[in-house]
Amino acid sequence: MKKNLALYGGKKTVEKNFVWPVFNERDVDAVTQVAQSGQWGNPDCRGLVEKFEKEFAGYCDSKYAISCVNGSVALRLALIASGVKPGDEVIVPPYTFIATATIVIEANCVPVFVDIEPDTYNLDPSKIEAAVTDRTRAIIPVHFAGQACDMDQIMAIANKHNLVVIEDAAHAHGGEYKGKKLGSIGHAGCFSFQSSKNLNAGEGGLVVTNDETLYNIMNSLRNVGRVKDGQWYEHHYIGCNYRITQFQAALLSQQLTRLDEQTKLRDQNGKYLNKLLESVEGISPLTRGHGETMHTYHLYIFRYDKTKFNGLPKKEFSEMLAAEGVPSFMGYPRPIYEQPLFQKKNFMCYAIPENVDYTKVHCPVAERACYEEAIWILQHAMLGTKEDMNQFVEAIKKIKQAALS
Ligand SMILES: *Cc1c(COP(=O)(O)O)cnc(C)c1O
């Protein structure tokens, strides 16, 4: 019955090999030049590092940018610099990469999970206020998959309760909300340049902000607590060496010149796939129309309904789809609060209050996304042609037919 499926030895629907990262001689030259210069590191965070920071801040219409070793550290720097104190609460979504929540623990603060919206998988603004207490200090909305969160509502709630908003834009380089670049709307916006991300140098991270005080503190924190015009062995804050190399900066400057073109292509392909999938019962793409004027499709996510696939479990569907040659994945296996780290409170030396208990947290939409619904198509596949998108849909239809026969 299912013999024609690639998972069981049948012919693959999609033969193309989607490449990532995308680069040419320009990138190779940029890195070679750094090698030849002998200026590999960057103790002063000047030179190519400062150049890239200016480019990226300009790209986001933000005043300042602070590069650092990765996106997790970018989030941590922004949160710590915002002035949180031990025991303060920070609102985060449960359907995101673990770092969005663990950096809160690492600041001795308490992550408070607020569920996501069923149609966008972004933090649900209608559920935020119920989670605000007199200890709440910050919200970290994640522009999940590259789709803008409802920033008007989130900023309004934050202003009302005097909360800091740190955008996790690790999926959202070049994405826009009502014409504004994601990352530039809250008090700080954090990016990752890890190899899977839409803009990458293997590793790396960055914070954009318009706030000069935040900028100065973050600048010091990423450089071992040093300050401008201070001595080399003069340390003002409990920072660390979180600097990037000139190799990363050179590569990122080159990669940034491609970003707009790539983002537009993913955005177009995403809209096209949405249209195609309207005709497939049991497959519902996350919905657009929530203010995103540019969706980066770091992930193209659709919701799978097994009842329309003869009860075929999501995990099996996902394996079949990947075997058909669609670069895809079933996503997070569980919401963050269900990770052993949170269930067992393995918080090591961090000072999280005794009464915090994550075994009692339930976010039904995030749980459904993990266990039942979400299928991710990866961003590099969204750089394909329309014909590739047609084939992705063919692969889904082929699996459906096999399941129903
Ligand atoms: C990748 C990612 C991060 C962390 O970035 P790293 O560079 O891997 O530390 C944070 N948040 C989200 C949503 C991510 O996907």
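Read the figures in this text as sums done on the coordinates, not as results from a lab. Just so we're clear, the structure is a prediction, and the values are computed from it rather than from any experiment. Positions of Cβ are generated from backbone atoms using ideal geometry, with glycine treated the same way; all protein chains shown enter the neighbour counts.
With the cut-off at 20 Å, tell me which of the pairs Lys127/Lys181; Lys181/Lys275; Lys275/Lys397; Lys3/Lys386; Lys314/Lys397; Lys264/Lys315 have Cα atoms farther apart than that.
Numbers: Lys127/Lys181 25 Å; Lys181/Lys275 25 Å; Lys275/Lys397 15 Å; Lys3/Lys386 28 Å; Lys314/Lys397 15 Å; Lys264/Lys315 31 Å.
Over 20 Å apart, Cα to Cα: Lys127/Lys181; Lys181/Lys275; Lys3/Lys386; Lys264/Lys315.
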(request) Find, among the chymotrypsin sites (Phe, Trp or Tyr not before Pro) in segment 191-270, those assigned to loop by DSSP (not H, G, I, E, B) with at most 12 other beta-carbon atoms within 10 angstrom. (result) Trp232, Tyr233
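What Kirkwood hydrodynamic radius do you get for segment 25-256 when you take the inverse of the mean 1/r over all pairs of distinct Cα atoms, in Å? Don't jump to the answer; show the numbers that get you there.
Details: mean 1/r = 0.0563 Å⁻¹.
One decimal place: 17.8 Å for the Kirkwood radius.
Exactly which GluC sites (Glu not before Pro) in segment 309-360 are in a DSSP loop and have at most 13 other Cβ atoms within 10 Å? Mind dumping the intermediate values first?
Numbers: sites: Glu316, Glu319, Glu324, Glu338, Glu354; in loops: Glu324, Glu354.
Loop-located and lightly packed - Glu354.
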(request) Excluding Lys400 itself, calculate the net charge of residues whose Cβ lies under 9 Å from the Cβ of Lys400, where each Lys or Arg counts +1 and each Asp or Glu counts -1. (result) +2
(request) Could you pull out the GluC sites (Glu not before Pro) across segment 194-288 that fall in loop regions by DSSP (anything but H, G, I, E, B) with no more than 12 other Cβ atoms inside 10 Å? (result) Glu234, Glu278, Glu281
(message) Please give the charge dipole size of the chain, origin at the Cα centre, charges +1 on K and R Cβ atoms and -1 on D and E Cβ atoms. Round to the nearest 20 debye.
(response) 800 debye
(message) Taking every DSSP beta bridge with both residues inside segment 25-256, roughly what % is antiparallel (nearest 5)?
(response) 50 percent
(message) Of the candidates Gly38, Gly175, Gly282, which one comes out as most mobile in a Gaussian network treatment of the chain with C-alpha springs shorter than 10 Å?
(response) Gly38
(message) Ignoring everything except DSSP H segments at least 4 long, calculate the 222 nm mean residue ellipticity for the chain; use -39,500 (n - 2.57) per segment, divide by total residues, nearest 500.
(response) -10500 deg cm²/dmol
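Determine the sum of side-chain charges near Gly239: Lys and Arg each +1, Asp and Glu each -1, restricted to other residues whose C-beta is under 14 angstrom from that of Gly239. Please report the intermediate quantities before stating the final value.
Details: positive: Arg76, Arg222, Arg226, Lys228, Arg243; negative: Glu106, Glu234.
Once positives and negatives cancel, what remains is +3.
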(message) So if I take the centroid of the Cα atoms in segment 320-339 and the same for segment 56-117, what is the distance between those two points in Å?
(response) 24 Å
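Net charge around Ser279, counting only other residues with Cβ within less than 13 Å of its Cβ (Lys, Arg = +1; Asp, Glu = -1)? List each step's numbers first, then the result.
Numbers: positive: Lys275, Lys308, Lys397, Lys400; negative: Glu278, Glu281, Glu394.
Surrounding charge for Ser279 is +1.
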(request) Under 13 Å Cα to Cα from Lys360, which aspartates and glutamates show up? Leave out anything in the same chain fewer than 8 places away. (result) Glu338
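Give me the extension gain from Glu354 to Glu25: residue separation times 0.36 nm, minus the current Cα-Cα distance, reported in nm with one decimal. Let's see the in-between values first.
On the way: separation 329, 0.36 × 329 = 118.44 nm, distance 5.54 nm.
Here the answer is 112.9 nm.
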(request) Take every DSSP beta bridge whose two residues both sit in the chain, then give the antiparallel share in percent to the nearest 5. (result) 65 percent
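Rg to Rh ratio, the chain, alpha-carbon atoms and Kirkwood radius?
Values: Rg = 21.8 Å, Rh = 22.1 Å.
On the Cα set of the chain, Rg over Rh gives 0.99.
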